[in-house]
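Read through the structure below, which is laid out as C-alpha cells, and then see the notes.
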Amino acid sequence: MKKIILLIALAFSFINSNAQQNMATQTVDPKTGTPMLVGKSSKKEIQLAPFSAWYNATHDSYKPNAKTIEELRKHIDGITIIIFMGTWCEDSQHQVPAFYKVLEQLGFDEKNSTLIITDRTKTTPDHLEKDKNITNVPTFIFYKNGKEIHRIVETPVNSLEEDMFKIISGKPYKHIYED
C-alpha cells in the first residue's frame, strides 16, 4: 500500500511540475497597470481572462483563406514554430489569435509549437529569447529539421496563411523589416 501511495504521489508531482513548466508568470504591466504574462506559455493561458477578451474576438472573426490552407497542408510536415508575443502588444493581440486559427484549420499539432511571452523589453525571466534576435512582437519563427527557415515579424506582408505558405514551401519571402 505504501508503494502505491508513493507512486501516486510521484506521478502527481511529475504531472504538476510539467504543467508548471508551461505556465507563464502573471505580472502587472508597468506602463498600463494591467495584467500581463511573461515566460513560456500555452494557447490555453491566453484564452483565459483577462486575455480572453482580445483573444476570442480576433480568433472568432479571422477567416483564413481556404485555398491557401489547403496548399499549406501539403508542406506542413516536419515544421515546428516558436511564437514570441506580448500580451501588452496590440499587434500580438491581433496576430497571435489569428495565427492559432490558421494552425487549427491546418490540423497542426500544438506540440510542434512553442509560445513565449515577453515583457515590454522583449525579454523573459528565463532568457528564452536569447540568440533569437527578437526585435518586434509578435515574431513567428518557422523551423524545418531544427533549422530556422524564416520568420514573420510583427505583421504579415500579405496574410498570415499566405506568408506562412511562402515560408514553408520555400518561395521567396521577406518579412516587413527585411531589406
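Structural remarks
- Filter result for ILE76 (over 21 Å from GLU154 (Cβ atoms), touching a Phe, Trp or Tyr at 6+ places or on another chain (Cβ under 9 Å) and aliphatic (A, V, I, L, M)): yes
- Within segment 43-74, if we keep just the residues that are buried (at least 16 other Cβ atoms within 10 Å of the Cβ) and assigned to a loop (DSSP other than H, G, I, E, B), the residue that is farthest from the chain's Cα centre (by Cα) turns out to be ASN65.
- Looking across THR87, THR139, THR124, one residue alone is in contact (Cβ under 8 Å) with a residue 40 or more places away in the chain, closer than 30 Å to PRO35 by Cα, surrounded by 15 or more Cβ atoms within 10 Å (Cβ to Cβ) and in contact with a Gly (Cβ under 7 Å, 6 or more places away or on another chain). It is THR124.
- Of the listed requirements (1) surrounded by fewer than 14 Cβ atoms within 10 Å (Cβ to Cβ); (2) free of Cβ contacts under 8 Å to residues at least 60 places away in the same chain, ASN145 misses just one: (2).
- Applying the condition of being under 26 Å from GLU110 (Cβ atoms) and hydrophobic (A, V, I, L, M, F, W, C) to segment 16-34 and asking which residue is modelled with the highest pLDDT yields ALA24.
The values are calculated or read from the model by the stated rules, or taken from the named source; none is laboratory data. Computed from a prediction, not measured in an experiment: that's the story for all the values here. We place every Cβ from the backbone using ideal geometry, glycine too, and count neighbours over all the protein chains shown.
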